[in-house]
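S.K.: Provided herewith is a single structure, encoded as structure tokens, for subsequent inquiry.
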Amino acid sequence: MNKLKTLFNTEVIAWLKLCMKGKWSALTVIILLNVILSLGGAAQAIVSKQVIDHAVNDSLKQSAMYAVSFALIMIAQLVLSSLLTLRTVKLKEAMNNDLQRNFMDRLYKTEWKAVGRYHSGDLLTHLTSDVASVTDGLIATLPGILSLVVQFATAFLTLLYFDKTLALFAFLLGPVSVVISWFIGRKLKKMQHQIQAAESRYRSLLHECIQNFLIVKTFEHEDDSLQKVRGAQQNRLFWVLKRTRFNVAADLTMGTGYRLGFFLAFIWGAYRISTGAASFGMFTAFLQLVGQIQGPLEGLARSFPILIAMVTSAERLIVFQQLTPENKKAIPPMPADRVTGLRLDHVAYSYEPGKPILTDASLTIQPGELIALIGTSGEGKTTLLRLLLALIKPSHGDISLTALGRERIALSADTRPYFSYVPQGNTLFSGTIADNLKIGHPSATEKEMNDALEAACARSFVEKLPEGLHTVIGEHGSGLSEGQAQRIAIARALLRPAPILLLDEATSALDMDTEWAVLQNIRSFQPRRTCIAITHRLSVFDVCDHIYRLSEGRLYREQKELAVRSE
Ligand SMILES: Nc1ncnc2c1ncn2[C@@H]1O[C@H](COP(=O)(O)OP(=O)(O)OP(=O)(O)O)[C@@H](O)[C@H]1O
């Protein structure tokens, strides 16, 4: 019983049922079509017996009538199997899309840190091959198994009617096949986990190689990179071949058994004709029915690896279902004109136990202030912004928003609408510049977009582009310079109706004059924003109200002159 549980545990079954929600009626149609097609096989055998027996007995008219029925059954089978293909593909695609959307939704709703532990290639493997394997198992293989069982049962009953000895022989084949399949399945499940892990590693590597294409090329790392790809391919190949060898050996063993069975049935039928116990028609029906008993058994054995793959993939996907979701309620975002300040009280944070990044950081920012956050690389400046965005939670201390004329609001995932963020690096999507800007404010008008671009000192270059706002840019803003991409990212953040703007080295690629102008514009941008700008540039200090230095886990207010000297 325990072994049974390890193969199909209740958690997997419950999850698979959840996947089927709203799709039972479509699946029932597929199952029915499968069953009708299976019954057609036995009907064909019975009719074919009549065709031959009537022909042998010179009742040609009767034989022709049965021949027409035979042809009609075949046509009906063709039509139904085409319908089955259409229905199956439709349901499979619907399920695939639902599962992928659910998976993405789950990722978006999970804590940032938990998702960050996974490689993007690994996530893609879950999204594609694991989802496909579950869909295939549920929509194609399971109804297929049911139809094989029906086919086996009807063929068995018909055979029982024609020849009891042969039916008994065929009946014994069933349990033997199931037991063999079971043992094969248990071994396969272990292999399947290894294959999916190897597949994930391989995809992650490919993903990274493509993402870092420029580094590979300019560092002339092509050979090493290809060597790594080859290594990952060999690992994957090892497991795929191991599984294939196992499958082939299992197929060979079972196939030999089935062919031997068919041969014995053939000899038995010939013997029965020679003794006059069977007619020619019965012999033909005989062979068809034996085929229809062995076919399902072989089919069941072949379906087993697919079911195992489905269960393995379901187990891999369930892990994501169990990740801690963010505790986020849908609260209406605060309008940008409600300027908000910030307060940090003795905040501590560490990514890993015993390695504190922030130890005792305190800070008060008045609504509308522009703050420069400085500190040596790796001190924890970005970590501080992640805390503000509630992507991570402080291990100690409090962070709160201090809205004008309002009580303090403790920071949580619910307060994310209060923030607009420009992270480090190029974060543009492929699409038009307008598409990118609308991520900040989906209903932004052309004027609002132009105003934001103006503030980010981006309007003049955007207007010179062939299609202006509607110019299509490539992945990661390809087609734009680094500084241009940064300015569009700033305009996007300004469009978001959030009172606090967080800039993480968002102006690092700009020349000093443009950087200065952008920050001045942010100061006067309406509605007014409170802004924290992480920077290493002295030119920024002049525009800021205050400068804070992060050092050894604490925040220190700096005099502008001192900050300039020490930077
Ligand atoms: N996801 C993470 N998991 C574990 N440690 C992390 C993670 N992100 C950052 N760290 C560590 O936290 C420390 C602070 O990183 P952070 O990115 O906040 O520094 P920073 O001051 O912004 O650096 P820089 O100026 O170079 O951008 C670093 O030692 C870094 O290794």
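S.K.: How about K190: which lysines have a C-alpha closer than 28 Å to its C-alpha, ignoring those fewer than 8 places off in the same chain?
M.R.: The reachable lysines, counting only those whose Cα sits under 28 Å from K190, are K3, K5, K17, K92, K228, K242.
S.K.: Between K17 and E93, how high is the FRET efficiency from 1/(1 + (r/R0)^6) when r is the Cβ-Cβ distance and R₀ = 30 Å? Nearest 0.05.
M.R.: Values: r = 20 Å, r/R0 = 0.67.
The pair K17/E93 has a calculated efficiency of 0.90.
S.K.: While we're on this one: Full-extension gain between F266 and L60, please, as 0.36 nm times their residue separation minus the C-alpha to C-alpha distance.
M.R.: 71.5 nm
S.K.: Continuing with this model, one more query. Once you order the gyration tensor axes a ≥ b ≥ c over the Cα atoms, which shape class does segment 309-449 get: rounded for a/c under 1.5, otherwise prolate or oblate by comparing a/b with b/c?
M.R.: Oblate, because a/c is 1.5 or more while a/b does not exceed b/c.
S.K.: Counting just the Cα atoms, what span does the chain cover along each of its three principal axes? Round to the nearest Å and put the largest first.
M.R.: For the chain, the Cα extents along the three principal axes come out at 114, 53, 50 Å.
S.K.: Quick one: length gained pulling M104 to Q233 fully straight, 0.36 nm per residue minus the C-alpha distance? Display every interim value, and only then the final one.
M.R.: Numbers: separation 129, 0.36 × 129 = 46.44 nm, distance 2.73 nm.
Length difference between fully extended and current span is 43.7 nm.
S.K.: Here's something else I'd like to know. Between R186 and M74, what is the label-point separation in nm under the 7 Å Cα-to-beta-carbon projection?
M.R.: Inter-label distance under the simple model: 4.6 nm.
S.K.: So, in nm, how far is label E220 from label A348 when the simple model puts each one 7 Å beyond its Cα toward the Cβ?
M.R.: Once both label points are built, they end up 5.1 nm from each other.
S.K.: Suppose a student asked you for the relative contact order of the chain, using Cα pairs under 8 Å spaced at least 6 residues apart; what percent would you report? Display every interim value, and only then the final one.
M.R.: On the way: 802 pairs, mean separation 88.1, N = 567.
It rounds to 16 percent for the chain.
S.K.: Which aspartates and glutamates, if any, have their Cα less than 18 Å from the Cα of K49, not counting same-chain residues under 8 positions apart?
M.R.: The qualifying aspartates and glutamates are D58, D163.
S.K.: Roughly what angle does helix 446-455 make with the longest principal axis of the chain, taking Cα atoms, 0 to 90 degrees, to the nearest 10?
M.R.: With rounding to tens, the tilt is 50 degrees.
S.K.: Something else now. Please report the orientation-averaged projected area of segment 340-566, defined via the convex hull of its C-alpha atoms, in nm².
M.R.: On the way: hull surface 49.4 nm².
For segment 340-566, the mean projected area of the Cα convex hull comes to 12.4 nm².
S.K.: Would you please put 204-212, 272-280, 140-148 in order of how densely packed they are, using the mean number of other Cβ atoms within 10 angstrom per residue and starting with the highest?
M.R.: 140-148, 204-212, 272-280
S.K.: Under 23 Å between alpha carbons, and skipping anything fewer than 8 positions from K113 in its own chain: which lysines qualify?
M.R.: K328, K329, K355, K381, K393
S.K.: Give, in nm to one decimal, the length gained when the segment between E446 and K355 is fully stretched (0.36 nm per residue of separation minus the Cα-Cα distance).
M.R.: Numbers: separation 91, 0.36 × 91 = 32.76 nm, distance 4.78 nm.
Working it through step by step, the gained length comes to 28.0 nm.
S.K.: Another question, then. Counting only the backbone N, which residues of segment 513-532 are under 14 Å from the spot 7 Å out from the Cα of S481 toward its beta-carbon?
M.R.: Within reach of a label on S481, which here means backbone N under 14 Å from a point 7 Å along Cα→Cβ, segment 513-532 contributes 513-515.
S.K.: Further question: When only DSSP loop residues count, what trypsin sites (Lys or Arg not before Pro) in segment 348-414 have their Cβ near at most 15 other Cβ atoms within 10 Å?
M.R.: R406
Read the figures in this text as sums done on the coordinates, not as results from a lab. Nothing here was measured: the structure is a model prediction, and the numbers come from that model. Glycine also receives a Cβ, built like all others from the backbone with ideal geometry; neighbour counts cover every protein chain displayed.
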